[in-house]
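Remarks on the structure that follows.
What follows draws every value from the coordinates through simple rules; no lab data is involved. Bear in mind that the values here come from a model prediction, so they are computed numbers and not experimental data. Cβ placement follows ideal geometry from the backbone for every residue including glycine, while neighbour counts extend to all protein chains displayed.
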Amino acid sequence: MIRILTAAIAGYLIGSIPSGMVFSKLFGRGDIRKQGSGNIGATNALRTQGKLVGALTLLFDLGKGSLGYFIAQILIPFEADTIIISEFQAVGSVFPVLGHIFPVWLGFRGGKGVASALGVIVAACPWLGMACFVVWLGSFFVFRISSIAGMLSVLSAPTVLICSEDCGQKKLLLPYLFTSALVLYRHKNNISGILSGTEKKLTK
């Protein structure tokens, strides 16, 4: 119980580090929450802070998800059965994304969870992570809209798992469905913009 609670707290706290805001202030670019869309994620960082801050924010957010998952893996008891292992993996998959989306330091108003969710997926199942990145690249090439690419890439993880014969990864289906739902919820304004034709394309 203590181990899984530690994994949850560690994953949440790592995920809650507001990398976009940290890097924008480190480079003297001001408060990213008062610029552009006001979001602390990589897309707004790229638009308002430039390519360097945008790239650093993306890499750090990916790393947060992966690190949170790895910590949960490390904390799995040696004698754990498959059910306990699945519980730790679920915690490692969900809590870094929860921390990113609802960081305690920013009044629970954080990013949209795409990069952190993809970081988790890459750590848990590299081939699935690569599939998600291919979906992101393909979607962005077609639409040139970051929110569409982000949502489709995260949604592709549970979709691919449902169709996959890799039974060892099926246990991650419910955590990925949950994080996908969180990502869609955080993109509700983007979805409205897409439907109305007002969503901005990423051209920078």
Check: Which semi-axes, in whole Å and largest first, does the equivalent ellipsoid of segment 128-167 have when worked out from the alpha carbon gyration tensor as the square roots of 5 times its eigenvalues?
Finding: 21, 8, 6
Checklist line | Contact order normalised by residue count of the chain, Cα under 8 Å, 6+ apart, percent | finding: 21
Notebook entry, point to check: At S192 and E87, where each label point lies 7 Å from the Cα along Cα→Cβ, what is the point-to-point distance in nanometres?
Noted result: 4.0
Check: Which helices, taking whole DSSP H runs in the chain, have alpha carbons extending 30 angstrom or more along the helix axis plus mean Kyte-Doolittle at least 1.0?
Finding: 51-74
Notebook entry, point to check: Using all Cα-Cα distances in the chain, what percent lands in each 10 angstrom bin from 0 up to the longest?
Noted result: 10, 36, 35, 15, 4, 0
Item checked: Point-to-point label distance, D166-A181, nm (Cα→Cβ direction, 7 Å offset) -> 2.4
